[in-house]
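**Q** One structure follows; several queries about it will come next.
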Amino acid sequence: MLYAMIEMQRAAVAPVRMMARMNKLAFSSDYNVLSRTEFGKSVAASASLLESLTRTYGKPVWGLDTTEIGGKEVDVTPETVWSQPWCNLIHFKRDPEQLQDALGGSKPQPRLLIVAPLSGHYATLLRGTVEAFLPHFEVYITDWSDARMVPLIQGRFDLDDYISYVRNMIGEVGPGANVLAVCQPGPPVLAAVALMAEDNDPNQPSSMTFMGSPIDCRKSPTVPNLLAEEREFQWFKDHMIYSVPPPYPGAMRRVYPGFVQLASFMNMNWDRHVNAHWRFFEHLIGDDGDSAQKHREFYDEYLSVLDLSAEFYLDTIKRIFQEHQLPKGEFFHRGQLVKPECITTTALMTVEGENDDISGIGQTQAAHDLCVNLPQKKQLDYIQEGVGHYGVFNGSRFRTQIVPRVVDFIHANHDAKTEANWRNAFELA
């Protein structure tokens, strides 16, 4: 019912949004003498703010057309190299000739699979993460599907399916690759690598890096962690799950709507968001185009949300946030016990933010406690001062302090021989 009401509300405000857009154009036009007055600027700014607040935000584009390597520009083309109903694997292919020229005869760069979170936002939320790693690696990323766009005929998608998808995509990227999980994917990625290690899978990654991930939510619990534990599991089923209405392709599918999670996150920092929009209004009046554009770019991404399948969401609440199955050694994948102690060759790095209010200090570090048979020389823990959750994978400190450490760690644990063998086999195929 809530989903249908939201859709009705969006339809109801459409005329208001159109009127705001017309006023914005009218009072921003050079042909309107009022556009140069305080009154005209205030009307145009108000209309722009209203239009942005009532707009329906679709899936953003990547917008990563080039990268710079060794001072030389290299063209980048995102292409889908693996596709299933619930996820696409995107490869940011760099122009081979330009890349070879930029590297100047250096060895091929390692492959990096970034596992994006399936927690309400599109993978494009990690645009800055991808951009920062493109000069250093052959980058791939998981592009999870919006549940409201997946027809019922495609079946369920739960946490076990997620783990299987991750394992398959690691295999698609190839042996000796490196995996980086941002936030939510930490536990399922660790589970996938542990299963690969136990099965002696030839596609085991060279390294795995976890950033702000809830490996063990019992450590330094945050507001979302406490909420998950204070509420009964049935409460989440009764109050967080809704049916997708027509005309979406996934009509009648039970989902955790992205707009519900967005509202929860915004309420956690309501004053900050209100102040940000007030500053946006002031920037528009003051003709501060650069600051206004930065605001638009951030909120165009932040307000673009996707739905999660009910099975995946409820599985995650119960198994990760309430029962803490992974750190307790009670996590099963399709009847097989997940044993992180089987990991002996895949290097492990954890990154946390000092001010993270989503995954508290220690939650990601817990991965080291679980990988008991991994040599210490293959482990690294890093806490970034002065950043919150978002700053762990984006922003200036991420680019200048976290990225260099991750790059050095991956190169230090990269198997050049495996990389060469994979590339030879790939080229022959």
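The values are calculated or read from the model by the stated rules, or taken from the named source; none is laboratory data. All values derive from a computational prediction rather than experimental measurement. With ideal geometry, Cβ positions are generated from the backbone for all residues, glycine too; neighbour counts draw on all protein chains shown.
**Q** Considering only region 147-166, I want to know if a residue exists there that is within 28 Å of residue 382 (Cβ to Cβ) and in contact with an Asp or Glu (Cβ under 8 Å, 6 or more places away or on another chain).
**A** Yes: region 147-166 contains one or more residues that are within 28 Å of residue 382 (Cβ to Cβ) and in contact with an Asp or Glu (Cβ under 8 Å, 6 or more places away or on another chain).
**Q** Of the numbered conditions (1) crowded, with 19+ Cβ neighbours inside 10 Å; (2) under 29 Å from residue 204 (Cβ atoms); (3) touching a strand residue (DSSP E or B) at 6+ places or on another chain (Cβ under 6 Å), residue 82 fails exactly one; give the number of that condition.
**A** Unmet condition: (1).
**Q** Modelled with pLDDT of 95 or more, hydroxyl-bearing (Ser, Thr, Tyr) and in a helix (DSSP H, G or I) - does that describe any residue in region 164-182?
**A** Checking region 164-182: at least one residue is modelled with pLDDT of 95 or more, hydroxyl-bearing (Ser, Thr, Tyr) and in a helix (DSSP H, G or I).
**Q** Tell me whether region 234-242 contains one or more residues that are at pLDDT 65 or above, touching a Lys or Arg at 6+ places or on another chain (Cβ under 8 Å) and not assigned by TED's automatic domain parsing to the domain that holds residue 408. Even if it seems obvious, please write down each step before you answer.
**A** Let us first name the residues in region 234-242 that are at pLDDT 65 or above, namely 234-242.
Imposing the further condition that a residue be touching a Lys or Arg at 6+ places or on another chain (Cβ under 8 Å) reduces the set to 241-242.
Okay, now just the ones that are also not assigned by TED's automatic domain parsing to the domain that holds residue 408, so 241-242.
Within region 234-242, one or more residues are at pLDDT 65 or above, touching a Lys or Arg at 6+ places or on another chain (Cβ under 8 Å) and not assigned by TED's automatic domain parsing to the domain that holds residue 408.
**Q** Which residues, counting only those in region 111-157, are within 9 Å of the chain's Cα centre (by Cα), in a loop (DSSP other than H, G, I, E, B), aliphatic (A, V, I, L, M) and closer than 15 Å to residue 78 by Cβ?
**A** 116
**Q** I'd like the full set of residues that are surrounded by fewer than 17 Cβ atoms within 10 Å (Cβ to Cβ) and either touching a residue at least 40 places away in the same chain (Cβ under 8 Å) or part of a loop (DSSP other than H, G, I, E, B) (or both), limited to region 85-110. Show your work before the answer.
**A** Restricting attention to region 85-110, the residues satisfying the condition of being surrounded by fewer than 17 Cβ atoms within 10 Å (Cβ to Cβ) are 85, 93, 95-97, 100-101, 103-108.
85, 95, 104, 105, 106, 107, 108, listed by residue number.
**Q** Six or more apart or on different chains, Cβ atoms under 8 Å: show the pairs whose first residue is in region 56-77 and under 20 Å from residue 89 (Cβ atoms) and in contact (Cβ under 8 Å) with a residue 40 or more places away in the chain and whose second is of a type in the set (S, T, N, Q) and outside any strand (DSSP E or B).
**A** Final answer for the pair search is 59/124; 59/304; 60/124; 60/304; 61/124; 62/124.
**Q** Tell me the residue from 344, 364 that is in contact with a strand residue (DSSP E or B) (Cβ under 7 Å, 6 or more places away or on another chain) and part of a loop (DSSP other than H, G, I, E, B), please. Steps first, please.
**A** Details: 344 fails: in contact with a strand residue (DSSP E or B) (Cβ under 7 Å, 6 or more places away or on another chain).
Going through 344, 364 in turn, just one is in contact with a strand residue (DSSP E or B) (Cβ under 7 Å, 6 or more places away or on another chain) and part of a loop (DSSP other than H, G, I, E, B): 364.
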